[in-house]
Amino acid sequence: MSSLTIDGGQVVALMGRNGAGKSTLLSAMAGLRTPFRGRVRIAGLDPAVLAPHDLVTTVGLVPQQAADLLYAESVDLECRQTDRDAQLAPGTTAAVLARIAPWVPKSAHPADLSEGSRLAVALSVVLAPDPTVLLLDEPTRGLDLSAKDLLIQVLREAAERGRTVVLATHDVELVAEVASRTIVVADGEIVADGTTRRIVTSSPMFAPQVSKVLAPLELLTVREVESVLARTLATSERDGKDQIS
């Protein structure tokens with residue numbers, strides 16, 4: 001893997017085929033895997049040697065299966081256990097969950113929740129200690145549109161607070177919506193690194209449908225198309241009024 005530096009406040013997408021090394025990189029960044037070569041530092045710290053309390057305030061990983069983080073018999077117990085493990089004030093994790101997904105029933109078993117609600121609980125568990133770096137591995141797998149919109153909102157808020165967000169994903173629409181920088185990985189090496197607009201629109205593999213249909217316009221998302229159409233319509237209406245007057 002080539003040298004890689006990510007600044008605070010960035011949302012960075014890792015893209016590449018299955019087996020390219022995206023999940024391996026996230027695991028190394030989370031301190032769960034020792035790099036074969038090189039080293040990982042987050043704010044100057046090696047996550048692999050941090051004490052548990054220091055680790056959860058430095059880096060948090062939401063794995064591909066959110067359920068892998070959830071072991072308690074209810075959402076309420078999960079929140080309480082997170083508070084104890086991370087040495088947080090009682091109610092901290094529950095407050096995070098109430099802010100991002102107030103509809104999730106506290107008495108429910110995590111296994112009985114929808115994919116979106118389960119992701120919300122996992123995000124709350126990881127976000128409650130307010131880690132410097134937030135890592136997510138294929139976070140939109142199995143999500144409906146409303147859950148995906150919630151995820152986008154959470155990631156944007158984290159970046160606005162100066163946190164670094166790194167997500168490994170095949171979801172080009174998510175990348176186009178939320179990531180300012182995209183890194184393409186192949187066989188454990190970085191093969192492309194740049195702004196999301198440049199990387200995504202130049203790739204026949206990763207370009208979203210909007211970009212393909214409207215080329216050569218470098219539009220990535222439906223929201224961008226709506227914005228352009230609204231401005232065009234407003235300009236046309238204004239020009240029409242000027243001609244009449």
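For region 6-11, in order, what is each residue's ³J(HN,Hα) by Karplus, 6.51 cos²θ - 1.76 cosθ + 1.60 with θ = phi - 60°, in whole Hz (x at glycine and Pro)?
10, 8, x, x, 8, 10
Say a paramagnetic label sat at a point 7 Å from the Cα of Ser114, along Cα to Cβ; which residues of region 55-72 have their backbone N under 17 Å from it?
Answer for this model: 66-67.
Taking the DSSP beta bridges in region 11-204 as the whole, what percent of them are antiparallel, to the nearest 5?
30 percent
Measuring from label point to label point, each 7 Å out along Cα→Cβ, what is the Arg84 to Ser180 span in nm?
Taking the two extended label points, one gets 4.0 nm.
Output the peptides 147-156, 86-95 sorted from most to least packed, where packing is the average of other Cβ atoms within 10 Å over each peptide's residues.
Most protected by this proxy first, the peptides run 147-156, 86-95.
Each reported figure results from applying straightforward, stated rules to the coordinates on display, with no laboratory input. In this text, all values refer to a predicted model and were calculated from it rather than measured experimentally. Every residue, glycine among them, receives a Cβ derived from its backbone with ideal geometry; neighbour counts consider all protein chains shown.
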